[in-house]
Amino acid sequence: MSDITNPISQASLKKLREFKLSGIIRTLDIRLTEANNQNLSHREFLELLLEDEVNQRLDNKHKRLYGGAHLPFEKGLEDFDFTFQPSVKKTEMMELATGNFIVKHENIIFIGQPGTGKTHLSIALGLKALGYGYTVLFTSVADMITTLEQSRADLSYQKKIQQYVKPDLLILDELGYKSMAESTVEDFFEIVSRRYEKGSIIITSNRDFQEWGKIFIDKTLTGAILDRLVHHCHIVTIKGESYRVSHRNQKA
């Protein structure tokens, strides 16, 4: 390759910026020096620049996906103690971790008492989904309801609804700690209905299905919500004791 030690022109840099080739811009000087020192061919030089651009875009996508997921912490399935919670089948979790449930637009509902690992498992599956390139959004049910209530006041309701409808995987944490007002039950149904057979939902709840009528109040809407959620659904009931209580007792 002929000598190319001269820095690239500002006009060329401007064109690279116009086409948003930030990966090439970031490594161009390094690659120019490398091409001269190693006498790279034009093809080899171009392939290195293209690889840099692809890697930069993948890194940017990774940051957007993980940043947009709003996970409260990062714990994988490898961090889950299956021996402490034998009611959770490791083989089932590993199958869910393949992400096939997202491809099939299936849901997952974790039911168990506080501290039994429901949120941990939902986040672990969310991390797997992010690794496959799926969009994920984590929120507590209470935060989602508050956001939607506030959106009615500033006329951004439809935009906020779309925020919960759009992701490939929506994780709704802590369903059942509070009963819902009629308007918020309708909001919840709206999201479940729009996502039905189009996007996956993971729900964690401390209440059995028989008690969901106490959460949603309205009997008709409770039935409609359950019907859509459990039609294509993996239901995982965790019967063990709380990690937090056990840990506290061990310290005592």
(message) Checking the condition on the phi > 0 side of the Ramachandran plot and either of a type in the set (A, V, I, L, M) or not assigned by TED's automatic domain parsing to the domain that holds residue 212 (or both), which residue from 39, 60 passes?
(response) 39
(request) Within the stretch 210-227, track down each residue that is touching a residue at least 24 places away in the same chain (Cβ under 8 Å) and farther than 14 Å from residue 186 by Cβ. (result) 211, 212, 214
(request) Would you check which residues across the stretch 6-42 are farther than 12 Å from residue 56 by Cβ and β-branched (Val, Ile, Thr) and list them? (result) 8, 30, 33
(request) Could you list all residues from the stretch 222-252 that are in a helix (DSSP H, G or I) and either closer than 14 Å to residue 175 by Cβ or modelled with pLDDT of 95 or more (or both)? (result) 222, 223, 224, 225, 226, 227, 228, 229, 230
(message) With the requirement that a residue be in a loop (DSSP other than H, G, I, E, B) and touching a strand residue (DSSP E or B) at 6+ places or on another chain (Cβ under 8 Å), what does the stretch 114-137 give you?
(response) 116, 117, 134, 135
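Test of understanding: among 144, 180, which residue is more than 30 Å from residue 86 (Cα to Cα) and modelled with pLDDT of 95 or more?
144
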(request) Scan the stretch 81-94 for residues that are acidic (Asp, Glu) and in contact with a strand residue (DSSP E or B) (Cβ under 9 Å, 6 or more places away or on another chain) and jot them down. (result) 92
(message) Taking the condition of being surrounded by fewer than 17 Cβ atoms within 10 Å (Cβ to Cβ), part of a helix (DSSP H, G or I) and of a type in the set (D, E, K, R), how many residues in the stretch 149-191 meet it?
(response) 6
(request) Only helices (runs of 4 or more DSSP H) wholly contained in the stretch 20-99 count here; list those with 2 or more residues that are within 21 Å of the chain's Cα centre (by Cα) and either modelled with pLDDT under 90 or surrounded by 12 or more Cβ atoms within 10 Å (Cβ to Cβ) (or both). (result) 42-69, 90-96
(request) Go through 145, 102, 108, 123 for me and flag whichever is surrounded by 15 or more Cβ atoms within 10 Å (Cβ to Cβ), of a type in the set (Val, Ile, Thr), touching a helix residue (DSSP H, G or I) at 6+ places or on another chain (Cβ under 7 Å) and without any contact (Cβ under 8 Å) to a residue 60 or more places away in the chain. (result) 145
(request) Return the pairs, sorted by first residue and then second, in which the second residue is buried (at least 16 other Cβ atoms within 10 Å of the Cβ) and among the polar types (S, T, N, Q), the first residue lies in the stretch 191-205 and is free of Cβ contacts under 8 Å to residues at least 40 places away in the same chain and not assigned by TED's automatic domain parsing to the domain that holds residue 237, the beta carbons are less than 8 Å apart, and the residues are 6+ apart or on different chains. (result) none
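The values are calculated or read from the model by the stated rules, or taken from the named source; none is laboratory data. Worth saying up front: this structure is predicted, and the values here are computed from it rather than measured. No Cβ is skipped: glycine too gets one built from the backbone with ideal geometry, and neighbour counts run over all protein chains shown.
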